[in-house]
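Student: Mind having a look at this structure? Questions to follow.
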Amino acid sequence: MIKNGADIVLECLLEQGVDTVFGYPGGAILNVYDAFYKYSGKIRHILTSHEQGAAHAADGYARSTGRVGVCVATSGPGATNLVTGIATAYMDSVPIVAITCNVANNLLGKDSFQEVDIVGITMPVTKHNFLIKSAEDIAPTFRRAFKIAASGRPGPVLIDITKDATAGEAEYKKEIPERIDNYKLESDSADFDEVIGMIEKSERPFILAGGGIIAAGAAKQLHKFQKTIDAPVALATMGLGAFPASDPAFTGMIGMHGTKTSSLAIKHCDLLINIGSRFSDRVICNPKTFARRAKIVHIDVDRAEINKNIFTDAHLIGDAAAVLDELNKRLHKQKHTEWMGKISGWKEKYPMKYSGGGEFNPETIIKEIKRQAGDDSYLVTDVGQHQMWAAQFYGIEKPRHFLSSGGLGTMGYGVGAAIGAQSAHPDSVVVNISGDGCFHMNLQELSTAATQKLPIIDVIMNNNVLGMVRQWQRLFYGERFSQTTLNKPTDYDMVSKGLGANAFTVTNMDELKHAVSEALKTRNKPTVINCVINQDHNVLPMVPGGESIEEPILEITTDGKEVR
Amino acid sequence: MSGIITNPVPENSQDKREMHVLSIHVDNHAGVLSRIAGLFSRRMYNIDSLSVGVTEDPKISRMTIVTHADENTFHQIQNQLAKLEDVKHICELHKDQAVLREHVLIKVNNKDTTAIMQICQIFRANVVDVSKKLLTLELTGGPSKITAFIDLMEQFEIEGLVRTGLTGLKRGSTTEAEEAALNE
């Protein structure tokens, strides 16, 4: 059937089972928006306030569902506004397809109005990208783009289409999308023998798992693997939810703000098994002392991650679920009573506890929100101190329920991502924990949530400062608080209400309890809960930059002494 | 393209970096060159030279990249390249198992024509342009031959010089198609 390019775009989205897209119209993309008008009963378009919000929403949709998220923007500034969101998805291996339109073929390369080389700009932050210059290329390119985004190690793909290609006509024939089979092993039997030998020889094995478990849907396999080899499990930030936080074998998060138990386990283990985590600098801290007494096995879907940041003794390449199934099938049950006893001893001695005191502190706030929101809630965060407090204290039990910008550390990620998660899970509770710095970055998206009647709960950990940067200034820059004291005149309640949300400002636990329960009852608009907290809270434990993970700072006394 | 040095080799004897020649089959369309060059520069890999041209199949181009890298970095380079959608096939060209050639054009001052011609004869270089003031010479050969020739020409004052960067093919009886199939 002959169709115009814009209609083919919409048909291709339908082919892929896309039900929701997040976007913003503009001149170059007028034809595609004309098609959105025509297809409005079939595809839901959520109009954000800014294209960055659309990119984060597509990301939140993808992380919370495992399906490819889609965002749409026009040429020039529309396209460049997506870039931070695309880079965020790239760093955390999130499958999104970003669709932009560009000026017509005859205007390309002429510095035309709203022309920008978005394919060139996004080359380093996409898995792949395309420039489509004629209508007949649209369908095959879209099919390929969705496949690339979702296969192997997932990631963002950008498709830029010239305006005349969206107007041009081409033959379109509906196709059923190719089934993507990520359940694959690259390593052979001998590689498995080697790793199994190492595991069976180990007396103190330690599992480090990351986002790869979640991407592969391998949480069940990980749990079985843990039971089989009787080893403790730490999670990288991106992996939170891959193993239940309440499980006795869970040592907590690992890395710069991980638990002391995770640090001690890294120090004392004789075998570290990393599954689906990329040994990020925030996890390993100083690479020279990381797991220095241990043999290291690295399991990853991406061969290029092997020996990139940490040299390993053995590796297995493949989808985490496939690798773990194979290991589980071949491994004999192990028992490490003494080692597991040591772990639980450390957990008791060094519990994850907020050390700064006060009744209304980050720990009590996060735990109260979790108590009311429950294990099924989706937790989104912005970036900074509140992000780490949320990661430390919320206790994520399930995969795909923790959405946070781990790799890029994008302030302003939260509201957009929460919109994506809530639109994919309309009946669930979606909580975004943010800070007053992050709130000001993308607060305009609250109006998007209000317009869409999305009941996201936006909690601001409001300490009047850019807390994480300030923490570094306090510890390493002689308390020279350069540009981190905000002192904004913002009336949070008024702004939130002005954008269509409910609003509460709370200063103690009773007020917080009330605000959260009111927010949970509200199902037709967002609620902002502004928690006014002390500006001197620290995120602890903390491994200062360049230091060994083995000795994190556990506490900072009132006179500034570090307790390790 | 030559000398896009992102991470120059320091003159220190501890350096374990060695020269490697990579031959890469890529889709022949716009943007491929910047994808490859961009990967090298953003990951701090070094490029000594890069040459690119179409192959027997017009849909495929071949890039020959000369890089200095230690063993682990060289593995990283190959693994990262393999992730690019446009990259179809990668192989390393070892000096003793491949024909490696470079082409150079040199403009020298035409003061001592006889001496220049004698050296050209030894190297089998050709004179491709001549004027009262300048001689333009061309030479094809392996990298060391080219370098030696340039060194000798320096005494005549080089007024202009261009090297294509290395390019090459594996020796032996395996066809390109067989080689690609073997790699898959």
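The values are calculated or read from the model by the stated rules, or taken from the named source; none is laboratory data. Just so you know, these numbers come straight off a predicted model, no measurement behind them. Cβ atoms come from the backbone with ideal geometry, glycine included; neighbour counts cover every protein chain shown.
Each row is one residue, and each column tells you yes or no for (1) within 14 Å of chain B (Cβ to nearest Cβ); (2) among the charged types (D, E, K, R); (3) in contact with a Lys or Arg (Cβ under 7 Å, 6 or more places away or on another chain).
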{"residue": "A:ILE317", "(1), (2), (3)": "yes, no, yes"}
{"residue": "A:LEU324", "(1), (2), (3)": "no, no, no"}
{"residue": "A:LYS347", "(1), (2), (3)": "no, yes, no"}
{"residue": "A:PHE360", "(1), (2), (3)": "no, no, no"}
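Student: Across region A:454-478, what is the total count of residues that are within 24 Å of the chain's Cα centre (by Cα) and either among the hydroxyl-bearing types (Ser, Thr, Tyr) or at positive phi (or both)?
Tutor: The total comes to 0.
Here is a yes/no grid of residues against (1) farther than 15 Å from A:ILE254 by Cβ; (2) surrounded by fewer than 24 Cβ atoms within 10 Å (Cβ to Cβ); (3) acidic (Asp, Glu):
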position	(1), (2), (3)
A:LYS288	yes, yes, no
A:ILE296	no, yes, no
A:ILE299	yes, no, no
A:ASN307	yes, yes, no
A:ILE310	no, yes, no
A:ALA314	yes, yes, no
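Student: Okay, moving on. Keeping to region A:227-248, report how many residues are surrounded by fewer than 21 Cβ atoms within 10 Å (Cβ to Cβ) and either of a type in the set (Asp, Glu) or under 17 Å from A:ILE199 (Cα atoms) (or both).
Tutor: 4
Student: Something else: Is it the case that region A:88-95 has a residue that's part of a helix (DSSP H, G or I) and of a type in the set (Asp, Glu)? Let's see the steps before the verdict.
Tutor: Restricting attention to region A:88-95, the residues satisfying the condition of being part of a helix (DSSP H, G or I) are A:88-91.
Subset that is of a type in the set (Asp, Glu): none.
Checking region A:88-95: not a single residue is part of a helix (DSSP H, G or I) and of a type in the set (Asp, Glu).
Student: For region A:475-494, indicate whether the set of residues that are of a type in the set (Phe, Trp, Tyr), surrounded by fewer than 20 Cβ atoms within 10 Å (Cβ to Cβ) and in contact with a Gly (Cβ under 9 Å, 6 or more places away or on another chain) is non-empty. Steps first, answer last, please.
Tutor: Let us first name the residues in region A:475-494 that are of a type in the set (Phe, Trp, Tyr), namely A:476-477, A:481, A:492.
Imposing the further condition that a residue be surrounded by fewer than 20 Cβ atoms within 10 Å (Cβ to Cβ) reduces the set to A:476-477, A:481.
Adding the requirement that they be in contact with a Gly (Cβ under 9 Å, 6 or more places away or on another chain) leaves A:476.
Within region A:475-494, one or more residues are of a type in the set (Phe, Trp, Tyr), surrounded by fewer than 20 Cβ atoms within 10 Å (Cβ to Cβ) and in contact with a Gly (Cβ under 9 Å, 6 or more places away or on another chain).
Student: Out of curiosity, is A:ALA519 within 26 Å of the chain's Cα centre (by Cα), surrounded by 21 or more Cβ atoms within 10 Å (Cβ to Cβ) and under 27 Å from A:GLY60 (Cα atoms)?
Tutor: Considered against the rule, which asks whether it is within 26 Å of the chain's Cα centre (by Cα), surrounded by 21 or more Cβ atoms within 10 Å (Cβ to Cβ) and under 27 Å from A:GLY60 (Cα atoms), A:ALA519 comes out as yes.
Student: If I ask for residues that are in contact with a strand residue (DSSP E or B) (Cβ under 9 Å, 6 or more places away or on another chain) and either without any contact (Cβ under 8 Å) to a residue 60 or more places away in the chain or surrounded by fewer than 17 Cβ atoms within 10 Å (Cβ to Cβ) (or both), which ones from region A:148-182 would you list?
Tutor: Correct list: A:ILE148, A:ALA167, A:GLU169, A:GLU171.
Student: So how many residues does region B:31-61 have that are closer than 22 Å to A:LYS127 by Cβ and more than 14 Å from every other protein chain (Cβ to nearest Cβ)?
Tutor: Qualifying residue count, region B:31-61: 3.
Student: Within region B:62-79, how many residues turn out to be of a type in the set (A, V, I, L, M) and either within 10 Å of chain A (Cβ to nearest Cβ) or surrounded by fewer than 20 Cβ atoms within 10 Å (Cβ to Cβ) (or both)? Lay out the reasoning, then the answer.
Tutor: Of region B:62-79, the ones of a type in the set (A, V, I, L, M) are B:63, B:65-66, B:69, B:77.
Among the residues that remain, those that are also either within 10 Å of chain A (Cβ to nearest Cβ) or surrounded by fewer than 20 Cβ atoms within 10 Å (Cβ to Cβ) (or both) are: B:77.
Qualifying residue count, region B:62-79: 1.
Student: Same structure again: Can you list residue pairs whose Cβ atoms sit under 8 Å apart, with the first residue in region A:114-133 being on the phi > 0 side of the Ramachandran plot and the second being surrounded by 18 or more Cβ atoms within 10 Å (Cβ to Cβ) and not in a helix (DSSP H, G or I)? Count only pairs 6 or more apart in sequence or on different chains.
Tutor: Partner pairs satisfying both residue conditions: A:GLN114/A:GLY26; A:GLN114/A:ALA28; A:GLN114/A:THR74; A:GLN114/A:SER75; A:GLN114/A:GLY76; A:GLN114/A:VAL103.
Student: Filter region A:259-303 down to residues that are within 14 Å of another protein chain (Cβ to nearest Cβ) and of a type outside the set (Lys, Arg) and give me whichever is farthest from A:LEU408 (Cα to Cα).
Tutor: For region A:259-303, the residue satisfying everything is A:HIS298.
Student: Same structure again: Only strands (runs of 3 or more DSSP E) wholly contained in region A:423-536 count here; list those with 2 or more residues that are of a type in the set (Gly, Ala, Ser). Spell out how you get there, then give the answer.
Tutor: Details: elements: A:430-435, A:457-462, A:502-506, A:527-532.
Because the criterion is at least 2 residues that are of a type in the set (Gly, Ala, Ser), the strands (runs of 3 or more DSSP E) in region A:423-536 that meet it are A:430-435.
Student: Oh, and also: Check off (1) surrounded by 18 or more Cβ atoms within 10 Å (Cβ to Cβ); (2) outside any loop (DSSP other than H, G, I, E, B) for A:VAL539 and give me the number that stays unchecked.
Tutor: A:VAL539 satisfies all of (1) surrounded by 18 or more Cβ atoms within 10 Å (Cβ to Cβ); (2) outside any loop (DSSP other than H, G, I, E, B) except (2).
Student: So, in region A:29-64, how many residues would count as being without any contact (Cβ under 8 Å) to a residue 40 or more places away in the chain, assigned to a loop (DSSP other than H, G, I, E, B) and either in contact with a strand residue (DSSP E or B) (Cβ under 8 Å, 6 or more places away or on another chain) or β-branched (Val, Ile, Thr) (or both)?
Tutor: Summing the residues that are without any contact (Cβ under 8 Å) to a residue 40 or more places away in the chain, assigned to a loop (DSSP other than H, G, I, E, B) and either in contact with a strand residue (DSSP E or B) (Cβ under 8 Å, 6 or more places away or on another chain) or β-branched (Val, Ile, Thr) (or both) in region A:29-64 gives 1.
Student: What's the number of the only condition in (1) within 14 Å of chain B (Cβ to nearest Cβ); (2) under 22 Å from the mean Cα position of the chain (by Cα); (3) crowded, with 17+ Cβ neighbours inside 10 Å that A:MET256 fails to meet?
Tutor: Result: A:MET256 fails condition (1) only.
Student: Which one of the conditions (1) in a loop (DSSP other than H, G, I, E, B); (2) at pLDDT 95 or above; (3) acidic (Asp, Glu) does A:GLU178 fail to meet, given that it meets all the rest?
Tutor: (2)
Student: Considering only region A:38-90, how many residues are under 15 Å from A:VAL18 (Cβ atoms) and among the hydrophobic types (A, V, I, L, M, F, W, C)?
Tutor: Adding up the residues that qualify gives 10.
Student: Residue check: is B:ALA82 surrounded by fewer than 19 Cβ atoms within 10 Å (Cβ to Cβ) and within 14 Å of chain A (Cβ to nearest Cβ)? Even if it seems obvious, please write down each step before you answer.
Tutor: On the way: surrounded by fewer than 19 Cβ atoms within 10 Å (Cβ to Cβ): yes; within 14 Å of chain A (Cβ to nearest Cβ): yes.
So B:ALA82 passes the test.
Student: Going residue by residue through region B:93-110, is there one that turns out to be at pLDDT 95 or above and assigned to a helix (DSSP H, G or I)?
Tutor: no
Student: While we're looking at this one, here's another question. Return a yes/no flag: does region A:344-364 have any residue that is within 19 Å of A:GLY414 (Cα to Cα) and buried (at least 17 other Cβ atoms within 10 Å of the Cβ). So that I can check it myself, show each step before the final result.
Tutor: Residues of region A:344-364 that are within 19 Å of A:GLY414 (Cα to Cα), as a first pass: A:362.
Filter once more, so that each one left must be buried (at least 17 other Cβ atoms within 10 Å of the Cβ): A:362.
Yes, the conditions are met somewhere in region A:344-364.
Student: Continuing with this model, one more query. For region A:545-564: of the residues being within 12 Å of A:LEU475 (Cα to Cα) and either small (Gly, Ala, Ser) or in the same structural domain as A:VAL283 (by TED's automatic domain parsing) (or both), which is modelled with the highest pLDDT?
Tutor: A:GLY545
Student: Could you look through region A:112-131, keep only residues that are of a type outside the set (A, V, I, L, M) and either touching a His at 6+ places or on another chain (Cβ under 7 Å) or in a loop (DSSP other than H, G, I, E, B) (or both), and pick out the one that is farthest from the other protein chains (Cβ to nearest Cβ)? Spell out how you get there, then give the answer.
Tutor: In the first step, residues of region A:112-131 are kept if they are of a type outside the set (A, V, I, L, M); the result is A:112-115, A:117, A:120, A:122, A:124, A:126-130.
Remaining after also requiring either touching a His at 6+ places or on another chain (Cβ under 7 Å) or in a loop (DSSP other than H, G, I, E, B) (or both): A:112-115, A:117, A:126-127.
Working: A:SER112: 18, A:PHE113: 23, A:GLN114: 21, A:GLU115: 16, A:ASP117: 10, A:THR126: 10, A:LYS127: 8 Å.
That would be A:PHE113.
Student: When residues of region B:71-112 are filtered for being among the aliphatic types (A, V, I, L, M) and free of Cβ contacts under 8 Å to residues at least 12 places away in the same chain, how many remain?
Tutor: 1
Student: From A:GLY78, A:GLY26, which residue is buried (at least 19 other Cβ atoms within 10 Å of the Cβ) and part of a helix (DSSP H, G or I)?
Tutor: Details: A:GLY26 fails: part of a helix (DSSP H, G or I).
Of A:GLY78, A:GLY26, the one residue that is buried (at least 19 other Cβ atoms within 10 Å of the Cβ) and part of a helix (DSSP H, G or I) is A:GLY78.
Student: Oh, and also: Being among the β-branched types (Val, Ile, Thr), over 21 Å from A:LEU379 (Cα atoms) and surrounded by 20 or more Cβ atoms within 10 Å (Cβ to Cβ) narrows it down to one of A:ILE86, A:ILE99, so name that one. Please lay out each step first, then the result.
Tutor: Working: A:ILE86 fails: over 21 Å from A:LEU379 (Cα atoms).
When all the criteria are applied, what remains is A:ILE99.
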